[in-house]
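The values are calculated or read from the model by the stated rules, or taken from the named source; none is laboratory data. In this text the structure is predicted, and so the values were computed from the model without any measurement. Because the Cβ atoms are built from the backbone with ideal geometry, glycine has one as well, and the counts that use them run over all protein chains shown.
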Amino acid sequence: MKVAVSIDIVSDVVCPWCYIGKRRLERALAQRPEVNATIRWVPYYLDANVPQQGITRLEYISRKFGTSDKITPMHQRLVGLGARVGLDFRFEKIERQPHTRDAHRLIAWAQEAGKANPVVDRLFAMFFTEGADLTKRHVLAEAGKAAGLDPDELLRDLESDKDKTLIDRQAAAASASGIGGVPFFVFDKKVAISGAQEIEIFTATIDRVLGRDTAQAQAAGY
């Protein structure tokens with residue numbers, strides 16, 4: 001018999017750790033086939049200071065890290081960690097850093113249709129593997145189309161002000177709640193994990209939510 005577990009994921013699609021965290025959670029859930037997970041994506045702005053039209057990746061890195069030399073070792077580490085869970089990070093392909101309000105609007109609409117997970121996965125892959133420009137609304141519409149949404153309707157909605165204020169408010173609420181970084185996972189509204197933890201931590205947390213006193217949960221300090 002399946003056991004229902006809700007998982008709120010506070011995330012941003014330009015956060016590489018969020019991509020890794022998503023994949024590690026999926027690997028953990030695959031080890032708990034009796035769990036029927038309902039995932040809800042909560043918007044977060046990794047950098048709210050990026051202008052709505054986006055900026056070049058070079059300018060973004062210069063503003064945030066000073067020089068590209070400082071971020072290269074981090075990128076190399078992420079490439080290795082991503083490969084372990086089947087992710088293909090290609091940071092050299094990213095030419096533009098977007099503001100992610102429109103991406104979060106798309107995710108919210110996909111969530112209403114029960115198709116958020118494939119849309120989120122496609123956005124991650126487009127940005128981190130293909131170097132797609134997520135400031136382009138037709139690119140976002142294509143991400144929605146890949147999950148079965150109507151791209152023409154998405155384009156119309158993206159060109160409008162639909163849910164802009166709502167997404168800004170939700171992202172601000174996530175920050176105001178004390179979440180200082182992403183990814184951030186909340187299981188059944190009662191157990192939280194911060195960061196892209198190892199798969200074993202996710203499985204131990206799931207076991208804790210299910211009321212199991214496992215060795216993994218004990219090792220994780222739960």
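Which is among the hydrophobic types (A, V, I, L, M, F, W, C), under 24 Å from I55 (Cα atoms) and in a loop (DSSP other than H, G, I, E, B), of L149, L134, L106? Before the answer, list the steps.
Numbers: L149 fails: under 24 Å from I55 (Cα atoms); L106 fails: in a loop (DSSP other than H, G, I, E, B).
So the residue among L149, L134, L106 that is among the hydrophobic types (A, V, I, L, M, F, W, C), under 24 Å from I55 (Cα atoms) and in a loop (DSSP other than H, G, I, E, B) is L134.
Against the condition in a helix (DSSP H, G or I) and under 19 Å from the mean Cα position of the chain (by Cα), how does R122 come out, does it pass? Break it down into steps so the answer makes sense when it comes.
Values: in a helix (DSSP H, G or I): yes; under 19 Å from the mean Cα position of the chain (by Cα): yes.
So R122 passes the test.
Give me the residue from region 47-95 that is in contact with a helix residue (DSSP H, G or I) (Cβ under 7 Å, 6 or more places away or on another chain) and aromatic (F, W, Y) and, out of that set, nearest to F124 (Cα to Cα).
Here the answer is F89.
Which condition breaks for M1 when tested against (1) in a helix (DSSP H, G or I); (2) at pLDDT below 95?
With respect to (1) in a helix (DSSP H, G or I); (2) at pLDDT below 95, M1 is out only on (1).
Here is a list: T100, T67, T56, T38. Which entry is at pLDDT below 95 and either over 29 Å from A204 (Cβ atoms) or surrounded by fewer than 16 Cβ atoms within 10 Å (Cβ to Cβ) (or both)? Outline the logic, then answer.
Values: T100 fails: at pLDDT below 95; T56 fails: at pLDDT below 95; T38 fails: at pLDDT below 95.
It is T67.
Please specify each residue of region 159-211 satisfying the condition of being among the aliphatic types (A, V, I, L, M), touching a Phe, Trp or Tyr at 6+ places or on another chain (Cβ under 6 Å) and either exposed (fewer than 14 other Cβ atoms within 10 Å of the Cβ) or not in a helix (DSSP H, G or I) (or both).
Within region 159-211, V182, I193, A196 qualify.
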